[in-house]
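Inspection log for the structure reproduced underneath, given as structure tokens.
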Amino acid sequence: MLVFNTQLELVSHLNAVSGKKTSVGFVPTMGALHAGHLSLLEQSIKNNAVSVISIFVNPTQFNNAEDLAKYPKTLEADIQKIKTVSDTIIVFAPSVDDIYHGNTVSQHFDFDGLEHQMEGRFRPGHFDGVGTIVKRLFEIVKPDNAYFGEKDFQQLQIVKKLVSKYKIPVKVIGCPIFREPNGLAMSSRNERLSSEERKNAAIIYKTMKQAKKLFANKSAKEVTKFVERTFQGNPDFELEYFQIADEATLLPCIRKSGSKKYRAFIAVFVNKIRLIDTISLN
Ligand code: PAF
């Protein structure tokens, strides 16, 4: 399996193969891979002649130094997991310097307001960091297709906006959330939970499914109250936000409209570890 640690090496390899008019699939990640990431790779392998995965913990998208310092880094184990999908996958695992050349700062983006909701509200600068790295990785890899998990649905919408605003010739494909057997959405951060916390975190998806059921007959405000009450009664969890929003604009749902698609979004702290989840409501 090919593992490149510099853009120069990756680009010269890709230039050699893309001269043959192959389609390139790309899965950007921050490593600590789980079954959700592997499912993105499977999609890529199925639909492209060449598949590239990047493993890069991007410092500019972290607004919390402790979260960045504690982010799991498991490159060797990740490579073994990638091999189980296919040993033809190309791994790009650059250093911070190789990407940022000593200037580790974000570009500022206007994503037409998508960046101000939810994650953007609670993690200032986060989507400038995501936009910066995804744009840079797209410029390096030049993929035809790029695969992102729907767990980070706001990120997925923002990447689609980035591609349309900057006219980047890549198709952005959202893929379904992978869940642990108890319903907890798979996330690299789950590795930091104790087995007890991991078990108890099932409450997040359970509450999301209840919220979805309630939304059939209740207003967004009533459903939000229900979710807030559920977490208030549970001292092991701290609810950061729960929001029902229009899938296209990510603006909060004030009054339901039959013509819109809605989605619920949640962020919860379990012992300082921040977990997010989302569910489609119609
Ligand atoms: O979703 C992630 O893992 C990251 O935000 C991404 C898209 C790889 C950019 O660093």
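The values are calculated or read from the model by the stated rules, or taken from the named source; none is laboratory data. Treat the numbers as computed from the prediction; the structure is a model and nothing was measured. Glycine also receives a Cβ, built like all others from the backbone with ideal geometry; neighbour counts cover every protein chain displayed. We work out accessible area using only protein heavy atoms, side chains counted, and drop any ligands, DNA or RNA first. Shrake-Rupley method; radii C 1.70, N 1.55, O 1.52, S 1.80 Å.
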Scan segment 2-50 residue by residue and report those that are of a type in the set (Gly, Ala, Ser) and open to solvent by 60 Å² or more (accessible area, probe 1.4 Å).
Ser12, Ala16, Gly19, Ala49
If we keep just the residues of segment 199-210 that are open to solvent by less than 80 Å² (accessible area, probe 1.4 Å) and within 27 Å of Tyr147 (Cα to Cα), which is farthest from the ligand (Cβ to nearest atom)?
Ala202
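One line per residue, one yes/no per condition, for (1) in contact (Cβ under 8 Å) with a residue 24 or more places away in the chain; (2) of a type in the set (Val, Ile, Thr); (3) crowded, with 20+ Cβ neighbours inside 10 Å:
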residue	(1), (2), (3)
Val52	yes, yes, yes
Asn63	yes, no, no
Pro72	yes, no, no
Leu75	yes, no, no
Phe111	yes, no, yes
Met118	yes, no, yes
Gly125	yes, no, no
Out of everything in segment 175-196 that is at pLDDT 95 or above and over 16 Å from the mean Cα position of the chain (by Cα), what residue ends up being farthest from the ligand (Cβ to nearest atom)?
Glu196
Considering residues of segment 77-104 that are part of a helix (DSSP H, G or I) and touching a residue at least 60 places away in the same chain (Cβ under 8 Å) only, the residue surrounded by the fewest Cβ atoms within 10 Å (Cβ to Cβ):
Lys83
What single numbered condition from (1) of a type outside the set (Val, Ile, Thr); (2) part of a helix (DSSP H, G or I); (3) away from the ligand (no atom under 15 Å from the Cβ) fails to hold for Phe153?
(3)
How many residues are in contact with a Ser or Thr (Cβ under 9 Å, 6 or more places away or on another chain) and assigned to a helix (DSSP H, G or I) if we restrict to segment 105-120?
1
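Being among the acidic types (Asp, Glu) and closer than 22 Å to Ser188 by Cβ narrows it down to one residue among Glu222, Glu228, Glu247, Glu238; which is it?
Working: Glu222 fails: closer than 22 Å to Ser188 by Cβ; Glu228 fails: closer than 22 Å to Ser188 by Cβ; Glu247 fails: closer than 22 Å to Ser188 by Cβ.
Testing whether each residue is among the acidic types (Asp, Glu) and closer than 22 Å to Ser188 by Cβ leaves just Glu238.
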Could you list all residues from segment 26-69 that are modelled with pLDDT under 95 and of a type in the set (S, T, N, Q)?
Asn63, Asn64
Which residue pairs have Cβ atoms closer than 7 Å, lie 6 or more positions apart in sequence or on different chains, and pair a first residue in segment 151-171 that is open to solvent by 50 Å² or more (accessible area, probe 1.4 Å) with a second residue that is of a type in the set (A, V, I, L, M, F, W, C) and more than 13 Å from the ligand (Cβ to nearest atom)?
Lys161/Phe111; Lys161/Leu114
Quickly run through segment 133-147 and pick out the residues that are buried (at least 22 other Cβ atoms within 10 Å of the Cβ) and either more than 9 Å from the ligand (Cβ to nearest atom) or not in a helix (DSSP H, G or I) (or both).
Val141, Pro143, Ala146, Tyr147
Can you tell me which condition Arg255 does not meet? The list is (1) touching a residue at least 60 places away in the same chain (Cβ under 8 Å); (2) more than 21 Å from Arg123 (Cα to Cα); (3) out of contact with any Phe, Trp or Tyr (no Cβ under 6 Å at 6 or more places or on another chain), and all the others hold.
(1)
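Name every residue in segment 1-37 that is among the hydroxyl-bearing types (Ser, Thr, Tyr) and over 26 Å from the mean Cα position of the chain (by Cα), in order of residue number. Steps first, please.
Restricting attention to segment 1-37, the residues satisfying the condition of being among the hydroxyl-bearing types (Ser, Thr, Tyr) are 6, 12, 18, 22-23, 29.
Those that are among the hydroxyl-bearing types (Ser, Thr, Tyr) and over 26 Å from the mean Cα position of the chain (by Cα): Ser12, Ser18, Thr22.
In the list Pro235, Pro252, which residue meets the criterion of being under 21 Å from Ile158 (Cα atoms) and open to solvent by 40 Å² or more (accessible area, probe 1.4 Å)? Full working, then the answer.
Working: Pro235 fails: under 21 Å from Ile158 (Cα atoms).
Residue meeting the stated conditions: Pro252.
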Can you list residue pairs whose Cβ atoms sit under 7 Å apart, with the first residue in segment 207-220 being more than 17 Å from Leu239 (Cα to Cα) and the second being part of a helix (DSSP H, G or I)? Count only pairs 6 or more apart in sequence or on different chains.
Leu214/Val223; Leu214/Phe226; Phe215/Val223
